[in-house]
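Here is the structure we will look at.
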Amino acid sequence: MLDDIWVDDSVFALRPDFAVLVMTAHGLRNGPTDDRSRQWLAAASESEIQTAKIDAWKDAYRAFGAKPQRTRPSVDALTRRMPLPEINRAVDAYNSISVKHALPIGGEDLDHYQGPARLVRAAGDEASEEALGQPEPGEVIWRDDAGVTCRRWNWRQVARTRLTETTTNAIFLLERLEPMTLEELKEAGEELAELLSELSPQVRISSRLLLDGK
């Protein structure tokens, strides 16, 4: 699965500093928010907002024609929702890491994917859920063989691949732009892996870093 995921060269041409740490978690035991994941959210809600990292994503949105004041990058939207919302344990885990590091993170159910995930510039005719709307030509989207899985890089995910309380196999996309360093990206991935392992001691986690030229 990890070896099949790719980022199109046109995305790197837009932002050569882009990198994504892809993590898969097999054998996850998810469930409703509990005291442990509630504590993660509370701690993250006390984090200082790192505006430089968020501003980098706003600039990336403008580069492909999106208006970040109308459709905000995920981490920008999340930091405006303090205290952080309770969703489920796995989502609480990655949302807490996202806010702590000002790092957009997407989490999705691998069993609902059709073919590999890939990050591309949209043609504009991709299949998309009605609630998500149709991507515009040139828009950066995550997609699989069935169509769009996330619009505007990390703005909004489809319901089809959403992480639910019954999810057992998941994929997490940790997306970096400068000024975040690759070392901090790696640290964020390790922290997320630790939280997922707390939830599910038997979980099997694998990761792969995708960046320009590699």
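When Lys53, Lys100 are ordered from fewest to most other Cβ atoms inside 10 Å of their Cβ, what list results?
By the 10 Å Cβ count, ascending, the order reads Lys100, Lys53.
Is the shape of segment 71-155 rounded, prolate or oblate, going by the alpha carbon gyration tensor and its root eigenvalues a ≥ b ≥ c, with a/c under 1.5 for rounded and a/b larger than b/c for prolate?
In terms of gyration-tensor shape, prolate.
Dividing the Cα convex hull volume of segment 24-116 by residue count, how many Å³ per residue is that?
120 Å³
What whole number of Å gives the distance from the Cα centroid of segment 133-152 to the Cα centroid of segment 35-60?
Between the Cα centre of segment 35-60 and that of segment 133-152, the gap is 25 Å.
Putting +1 on Lys and Arg Cβ atoms and -1 on Asp and Glu Cβ atoms, find which of Ala93, Thr166, Gln114 reaches farthest to the positive end of the dipole of segment 47-185.
Ala93
Which cross-chain or sequence-distant (5 or more) residues have an amide H under 5 Å from the amide H of Ala122, H modelled 1.01 Å from N in plane?
Those qualifying (amide H under 5 Å, at least 5 residues apart or on another chain) are Gly138, Glu139, Val140, Ile141.
Excluding residues fewer than 8 places away in the same chain, name every one of the aspartates and glutamates whose C-alpha is closer than 16 Å to that of Lys67.
Of all the aspartates and glutamates, those that pass the test against Lys67 - Cα under 16 Å, at least 8 places apart if same chain - are Asp55, Asp59, Asp76, Glu136, Glu139.
Using the crude model of +1 on Lys and Arg Cβ and -1 on Asp and Glu Cβ, and no other charge, please compute the dipole size for the chain relative to its Cα centre, in debye to 20.
Computed about the Cα centre, the dipole is about 460 debye.
So for the chain, Kirkwood radius off the Cα pairs, Stokes-Einstein at 4 °C and 1.567 mPa s: how many µm² s⁻¹?
Value of D from the Cα-based Kirkwood radius: 76 µm²/s.
Which whole-Hz couplings ³J(HN,Hα) result when phi for each residue of segment 110-120 is put into the Karplus expression 6.51 cos²θ - 1.76 cosθ + 1.60, θ = phi - 60°, listed in order with x for Gly and Pro?
Once θ is set to phi - 60°, the couplings for segment 110-120 become 4, 5, 9, 7, 10, x, x, 6, 8, 9, 9 Hz.
In which sequence would Met82, Met180 go, from the one with the fewest C-beta neighbours within 10 Å to the one with the most?
Fewest-to-most Cβ neighbours within 10 Å comes out as Met82, Met180.
Sorting Leu28, Leu199 on the 10 Å Cβ count, fewest up front, what's the list?
Working: Leu28 23, Leu199 19.
Taking fewest neighbouring Cβ atoms as first place, the list is Leu199, Leu28.
Every read-out reported here was derived from the displayed coordinates using simple, explicitly stated rules and does not represent laboratory data. From a predicted model like this one, the values you see are computed outputs, not experimental measurements. So basically every Cβ, Gly included, is an ideal-geometry build from the backbone, and we count neighbours across all protein chains shown.
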